[in-house]
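Each remark here refers to the structure printed beneath this line.
What follows draws every value from the coordinates through simple rules; no lab data is involved. As the structure is a prediction and not an experimental result, all values here were calculated from the model. FYI the Cβ positions are ideal-geometry reconstructions off the backbone, even for glycines, and counts take in every protein chain you see.
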Amino acid sequence: MSRCLQGRNLETRARVIRLIRRFFHDHRYLEVETPVRSPAVIPEAHIDLILSETHFLMASPELYMKRLLARGYPKIFQICKCFRKNERGRFHLPEMTLLEWYGAGDTYLDLMDQCQSLVQYIAQELGMAGRLCYQGETLDLARPFQRLSVHRAFETHAGISCDQALADNRFDDIMGFEIEPGLGRNQPVFLMDYPKSLASLAALHPDNPGLAQRCEFYMAGIELANGFTELTDAHAQRDRFEKENRIRQSLGMPPLPMPDRFLSELKEMPSCAGIALGVDRLVMLFADAPSIDQVVAFTPESC
C-alpha cells in the first residue's frame, strides 16, 4: 500500500472517530475509560484471551461498563483497545479498536435505531448523501435498515432451519460461510432474535423464551456490531457463565475465573441495552478499503 493511500485512510479514520465522539456527546452520553487489564473477564467458550502477568487483557470493556451503569451512570460510551488471541485475517486484528455504548431503559430495538442513526450521521458528515460505495457495491443508507430474524435468515440463505443447524452442530459454519457473506449487500441489515443458547449475556425475548434479545449488524457482508438487551439476573448470569466454562473445558481450554465483583453489582444494574461496534471495520467501509490492514497505522507484523 502506498504512503499516499495509507495517509488518506488514516485521515478518514481520524474523521470517523471524531464523528463518533461528536454523535455521542451530542446525545448526552458520558465518555468513560475502564481498565485494559483485569483479574477476571467474561467466561466465553470461543474467545482466546491474552494474559498480562496475572491479569487478562480485556476482550471487551463490557463488565466494567455495566458496573458503571449499576453505579448510576445511565448513558455511557467508550472507544478503546481490546485484545483477542489468534484473531488475524482480512477483517481481524488481535489488537482492535472497539466502540461500546450502553443506555439505561433501552432494549436491543433502541440499539438498532441508534446504530442506524450513527452510521447515517457519519455518512452525511463525510458527504456520502445516503449512499456508501464499497468495493464496487452501493449500499442504500437513506432508507430504514433491514431487520431479519436468525430463523428467517437460515430459511432464506441456507435452505436449512436454524433448529436443525443447531442440532447438527453446524450453526457457526453455515452462518459464516452461507449466510453472513450475503448480508447487508444492498442495504445494511440487523440480524436479530438469536437462539437463547447463543447469547449468554442477553435477556430472553418476552414473547418467546427460546430466543434472546440479541442483534448483530452487517454491511457489505461484514459483521460490524453485536448487541443485546442485557440480562440483569445475577443468578441466571452466573449459571450461564458456568455453562460457558464447561464448554471451554470440553474443548480442552482452561476455565476462567468467575467475575464475582461484576456479579455482586449486577443486582443494582437497571434494565438496559449495550452494543459493541468494530471501529476498524467501520473505517474500512468508509475508506473503501478491502482489508483491515489498510486502515491502521501499524499491523501486528510491522510493529
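Mind checking which residues of region 74-119 are under 15 Å from Ser271 (Cβ atoms) and among the hydroxyl-bearing types (Ser, Thr, Tyr)? Residues satisfying the conditions are Tyr102, Thr107, Tyr108.
Can you pull out the residues in region 131-165 that are loosely packed, with under 15 Cβ neighbours inside 10 Å, out of contact with any Lys or Arg (no Cβ under 9 Å at 6 or more places or on another chain) and of a type in the set (A, V, I, L, M, F, W, C)? The one that is loosely packed, with under 15 Cβ neighbours inside 10 Å, out of contact with any Lys or Arg (no Cβ under 9 Å at 6 or more places or on another chain) and of a type in the set (A, V, I, L, M, F, W, C): Cys133.
The set of residues in region 226-250 being among the hydrophobic types (A, V, I, L, M, F, W, C) and under 16 Å from Leu198 (Cβ atoms) consists of Phe228, Leu231, Ala236, Phe241, Ile247. Among the residues of this structure, Arg214 does not count as one that is among the charged types (D, E, K, R) and assigned to a helix (DSSP H, G or I). For region 197-211, residues that are under 18 Å from the mean Cα position of the chain (by Cα) and either part of a strand (DSSP E or B) or surrounded by 19 or more Cβ atoms within 10 Å (Cβ to Cβ) (or both) total 5.
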